[in-house]
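Colleague: Encoded as structure tokens, here's the structure I'll be asking about.
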Amino acid sequence: MANSARLLDVRNLRTSFFTGEGEVKAVNDVSYHLDQGEVIAIVGESGCGKSITQLSVMQLVQSPPGKIIGGEVMFDGQSLLQYAPTSKEMRAVRGAGIAMIFQEPMTSLNPVLTVGRQLSEVIMVHAKVGKKEAWARGIRALEAVGIPEPEERMKVYPFEMSGGMRQRVMIATAVACNSKVIIADEPTTALDVTTQAQVMELLLDLVKSHDKSLIIITHNLGLVSRYAQRVYVMYAGKIIEQGTTEQLLTAPQHPYTIGLLNSMPKLEGDTDADLLPIEGAPPSLNNLPDQCAFLPRCRLAQDRCRTSPFPDMRIVGDLEHSAACHLR
Ligand SMILES: Nc1ncnc2c1ncn2[C@@H]1O[C@H](COP(=O)(O)OP(=O)(O)OP(=O)(O)O)[C@@H](O)[C@H]1O
Ligand SMILES: [Mg+2]
């Protein structure tokens, strides 16, 4: 794919938390990119650094204890890390540039303000329009994300809405700001299956009809197959495999990716008995070994895995498909 289409290009990003227990390397040399109009997924177990990677891109990591200690974030031709987190450039990126939709929107919606007030305030700031126009645009945004009776819904408080509705309000905010990139951080985990599917369909609709680009963050490699064109698999703060969705699902190379696939239902009718969880737990990020971080859990580990440092990503098979494993 041509580099000119590259909307977001993250290179060698490092973010650590400096705590009483030492340096927690939450994002440890992460590189990925997102092209215009593309849907990508970032997949991995809890605690592997998916959210902190995206929060770093947005410069929303709590500091202290967090700190971005290296790398580069190119967005729409601008190098973002040169800007201070509170700068007007970063605020503009967070509005019209990149919008993040969180797992549980109650944490990002203000409970004491009505939905309409919050939505229209965001619109006033980003679209630089007056109160009335912002309110009207808010109604249109709620309508665009399939919220019935949008005029009435503007007047309610977040707690008066269901989880699915709150997700839609978050998505409406991104629509109203005309954000180019939407980062959906496990947008559906708190929702029932039907609502999950609806929220995903809504996001994909926006990608198609409004030429957005989407990053889906998820534990569920199965979910990805239906939506994303490319996938990045994260483990212990690093990307350990990347490729097209088809490559990852049909020819996974890293033993961790293979483990992830075996541990989740793929086919309809798969029962729990068909699932093979990955034994053990990921290493603590404040005490990483100078070895492959997956080694203690790897069924395929060999001597050279024990004697070599953490492997680099290298191309495995087809171009674009790469993995960080000594055995590939
Ligand atoms: N304030 C903090 N202080 C110390 N460590 C932190 C802090 N915030 C996050 N971390 C660590 O950073 C690592 C990455 O966290 P992150 O939230 O990115 O994981 P995740 O992959 O998004 O997990 P989940 O799937 O559960 O959302 C975790 O191991 C976490 O313990
Ligand atoms: Mg997370």
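Coordinate-derived values only; no laboratory data. All values reported here derive from a predicted model rather than from experimental measurement. Don't worry about glycine lacking a Cβ; one is built from the backbone with ideal geometry, like all the others, and counts go over all protein chains shown.
Colleague: Mean shadow of the range 145-254, computed from the convex hull of its alpha carbons, in nm²? Could the numbers behind the result be given before it?
Modeller: Values: hull surface 32.4 nm².
So the mean shadow area of the Cα hull is 8.1 nm².
Colleague: A further question on this structure: Amide H neighbours of Met234 under 5 Å, at least 5 residues apart or on other chains, H built in the peptide plane: list them.
Modeller: Val43, Gly44, Ile240
Colleague: Note down the net charge around Pro150, summing +1 for each Lys or Arg and -1 for each Asp or Glu among other residues with Cβ under 14 Å from its Cβ.
Modeller: Details: positive: Arg137, Arg140, Arg153, Lys155, Arg168; negative: Glu143, Glu149, Glu151, Glu152.
Charge balance in the 14 Å sphere: +1.
Colleague: To make sure I understand, if each residue's beta carbon is the centre and we count other beta carbons within 10 Å, what order do Met264, Met154 fall in, fewest to most?
Modeller: Details: Met264 16, Met154 20.
Ordered by Cβ neighbours within 10 Å, fewest first: Met264, Met154.
Colleague: How much of the DSSP bridge set in the chain is antiparallel, in percent, rounded to the nearest 5? Working shown, then result.
Modeller: Numbers: 31 of 49 bridges.
That works out to approximately 65 percent antiparallel.
Colleague: Additional query: Over all directions, what mean area does the Cα convex hull of the range 193-324 project, stated in square nanometres? List each step's numbers first, then the result.
Modeller: Values: hull surface 39.5 nm².
The Cα convex hull of the range 193-324, projected and averaged over all directions, gives 9.9 nm².
Colleague: Taking a temperature of 25 °C and a viscosity of 0.890 mPa s, what whole-number D in µm²/s does Stokes-Einstein yield for the range 1-58 with Rh from Kirkwood over alpha carbon pairs?
Modeller: In µm²/s, the coefficient rounds to 193.
Colleague: Can you figure out the FRET efficiency of Val125 with Thr194, using R₀ = 41 Å and their beta-carbon distance, to the nearest 0.05?
Modeller: Working: r = 34 Å, r/R0 = 0.83.
For Val125 and Thr194, the calculated efficiency is 0.75.
Colleague: Once you've got the GNM for the chain with C-alpha springs shorter than 10 Å, pick whichever of Arg94, Arg153, Arg304 has the biggest mean-square fluctuation.
Modeller: Arg304
Colleague: Going by how many other beta carbons lie within 10 Å of each one, how would you line up Arg6, Arg168, fewest first? List each step's numbers first, then the result.
Modeller: Working: Arg6 17, Arg168 26.
The fewest-first ordering by Cβ neighbours comes to Arg6, Arg168.
Colleague: Right, something else. Taking the Cα atoms of the range 225-267, report the difference between the largest and smallest coordinate on each principal axis, in whole Å and largest first.
Modeller: Principal extents (Cα only, largest first): 28, 21, 15 Å.
Colleague: Further question: May I ask for the net charge around Ala324, where only other residues with Cβ less than 11 Å from the Cβ of Ala324 are counted and Lys, Arg are +1 while Asp, Glu are -1? Walk me through the intermediate numbers first.
Modeller: Details: positive: Lys238, Arg314, Arg328; negative: Asp29, Glu241, Asp312.
For residues surrounding Ala324, the net value is 0.
Colleague: A follow-up question, please. Hey, what's the Kirkwood Rh for the range 194-269 if you take every pair of different alpha carbons, in angstrom?
Modeller: Details: mean 1/r = 0.0742 Å⁻¹.
About 13.5 Å, per the Kirkwood formula over Cα pairs.
Colleague: Using only the alpha carbons of the range 94-186, determine the length spanned along each of the three principal axes and report them from longest to shortest in whole angstroms.
Modeller: 29, 29, 23
Colleague: I need the phi-derived Karplus couplings for the range 163-176: 6.51 cos²θ - 1.76 cosθ + 1.60, θ = phi - 60°, integer Hz, Gly and Pro marked x.
Modeller: x, x, 5, 5, 4, 5, 5, 4, 5, 4, 4, 5, 5, 5
Colleague: Which length gain, in nm to one decimal place, applies between Leu319 and Glu89 when the Cα-Cα distance is subtracted from 0.36 nm times their residue separation? Don't skip to the answer; put the middle values down first.
Modeller: Working: separation 230, 0.36 × 230 = 82.80 nm, distance 3.56 nm.
Additional length available on full extension: 79.2 nm.
Colleague: Throw me the Rg/Rh for the range 274-328, computed over C-alpha atoms with Kirkwood Rh, two decimals. Spell out each step's value before the answer.
Modeller: Values: Rg = 12.7 Å, Rh = 12.7 Å.
Expressed as Rg/Rh, it is 1.00.
Colleague: Pull out the extension gain between Asp76 and Arg226, defined as 0.36 nm times the separation in residues minus the alpha carbon to alpha carbon distance; nm, one decimal. All intermediate terms of the calculation are to be shown ahead of the outcome.
Modeller: On the way: separation 150, 0.36 × 150 = 54.00 nm, distance 2.71 nm.
Length difference between fully extended and current span is 51.3 nm.
Colleague: Can you sort Phe294, Phe18 from fewest to most other Cβ atoms within 10 Å of each residue's own Cβ?
Modeller: Working: Phe294 26, Phe18 15.
Ascending Cβ contact count within 10 Å gives the list Phe18, Phe294.
Colleague: Please compute the Cα-Cα pair-distance distribution of the chain with 20 Å bins starting at 0, giving whole percents from short to long.
Modeller: Pairs per bin, as whole percents: 30, 57, 12, 0.
Colleague: Which translational diffusion coefficient, to the nearest whole µm²/s, is obtained for the range 1-145 from the Stokes-Einstein equation, given a Kirkwood hydrodynamic radius over C-alpha pairs, 4 °C and 1.567 mPa s? Intermediate results must be reported in sequence, preceding the final value.
Modeller: Details: Rh = 17.1 Å.
Answer, rounded: 76 µm²/s.
Colleague: Using helices alone, I'd like the mean residue ellipticity at 222 nm for the chain: each DSSP H run of four-plus residues gives -39500 (n - 2.57), total over residue count, nearest 500. Spell out each step's value before the answer.
Modeller: Working: 11 runs with 103 residues, N = 328.
Value at 222 nm, helices only: -9000 deg cm²/dmol.
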